[in-house]
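The structure under discussion appears below in the form of C-alpha cells.
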Amino acid sequence: METTNANKIALAVLGALLGTMALGVFSSAVFAPEKAAKPGYALAGGEATAAPAAAAPAAPEVPLPALLAKADAAKGQTDVKVCEACHNFDKGGGAKVGPPLWGVVGRPIASVAGFSYSDALKAVGGDWTYEKLNQWITKPSAMAAGTKMAFPGEAEATKRADILAFLQKQSDNPVPFPK
Ligand code: HEC
C-alpha cells in the first residue's frame with residue numbers, strides 16, 4: 001500500500017515535470033522564429049563593422065622611439081607583475097628565478113655576478129638597449145634559443161613600451177629613450 005502510494009506520487013511528479021518540459025519545448029517552438037529574426041539583423045550589422053577592423057593589422061608597425069614617446073611607466077609597473085614572479089626590480093634586490101633587473105637598461109647582457117645564465121643568453125653579447133630589451137620581451141626564445149627565461153613573450157607593442165618606460169625608471173642613471 002505504502003509503496004503504491006509513493007509510486008503514484010512519484011509518477012504524478014514525473015508527469016508534472018514532463019508536462020513542464022513539453023510546455024517549454026512547445027513555447028520555444030512558438031517563440032523561436034521571433035527571437036531568431038533579431039540576431040539575424042544584428043549579424044548583418046556586425047559584418048559591416050568587421051570589415052574595417054580586419055584592415056587594421058595591415059597598418060605599418062609603429063617604430064619603437066614613437067612608442068616610447070607615448071609610453072606610460074605607471075601602466076608598465078602593472079604590466080611587470082607577471083615578471084615579478086621571477087624578477088626583482090627594486091634597488092638592491094637579489095636574484096629570484098631570474099636575475100635582478102634594477103639598472104638593467106644599458107647594462108651588459110648576462111652580467112649579474114653570481115647568476116647562472118644560460119649559454120644562449122651569454123652568447124648574445126653587447127649591452128641591453130631599449131631595442132634589444134624590446135626584442136627580448138617580444139619573444140625571449142627567438143632572441144636566445146635555449147634561454148632559461150620561461151616566459152613566452154608579450155605580443156602587444158604598446159605594453160612592451162610601457163614596460164620599457166618602467167624599466168627606465170628603475171635606475172640611478174636613467175638612460176634616455178632613443179630618438
Ligand atoms: C618564469 C620566470 C621568468 C619570467 C616570468 C620572466 N623572466 Fe626574465 N629571466 C628569467 C630567467 C631565468 C632569466 C635568465 C635567462 C637566461 O639565462 O637564459 C631572465 C632574464 C631576463 C633578462 C636579462 C637580464 C640580464 O641580466 O641580462 C631581462 C631583461 C628579463 N629577464 C626581463 C624580463 C621581463 C621584463 C619580464 C616580464 C615581461 C620577465 N623577464 C619575465 C626568468 C623570467
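The values are calculated or read from the model by the stated rules, or taken from the named source; none is laboratory data. None of the values given here were measured: they were computed from a predicted structure. For neighbour counting, all protein chains shown are included, and Cβ atoms are generated from backbone atoms with ideal geometry for every residue, glycine included. The accessibility values were calculated without ligands, DNA or RNA, using every heavy atom of the protein model including side chains. Shrake-Rupley method; radii C 1.70, N 1.55, O 1.52, S 1.80 Å.
For this structure, a couple of remarks:
- Taking the criterion of being small (G, A, S) and either near the ligand (Cβ under 9 Å from one of its atoms) or touching a Leu at 6+ places or on another chain (Cβ under 8 Å) (or both), the only residue of the stretch 62-74 that qualifies is A71.
- Within the stretch 75-111, tally of residues that are without any contact (Cβ under 8 Å) to a residue 60 or more places away in the chain and either within 21 Å of the chain's Cα centre (by Cα) or near the ligand (Cβ under 7 Å from one of its atoms) (or both): 13
- The number of residues in the stretch 145-172 being touching a residue at least 60 places away in the same chain (Cβ under 8 Å), more than 7 Å from the ligand (Cβ to nearest atom) and open to solvent by 40 Å² or more (accessible area, probe 1.4 Å) comes to 4.
- Candidate set: the stretch 112-123, residues that are among the small types (G, A, S) and in a loop (DSSP other than H, G, I, E, B); chosen: the one nearest to the ligand (Cβ to nearest atom): S118
- Unmet criterion (only one of (1) modelled with pLDDT of 95 or more; (2) open to solvent by 40 Å² or more (accessible area, probe 1.4 Å)) for V62: (1)
- For the stretch 124-144, the set of residues classified as near the ligand (Cβ under 10 Å from one of its atoms), open to solvent by 30 Å² or more (accessible area, probe 1.4 Å) and assigned to a loop (DSSP other than H, G, I, E, B) consists of V124 only.
- Across the stretch 102-123, the qualifying residues are those that are in contact with a Gly (Cβ under 9 Å, 6 or more places away or on another chain) and open to solvent by less than 30 Å² (accessible area, probe 1.4 Å), and the one among them that is nearest to L167 (Cα to Cα) is I109.
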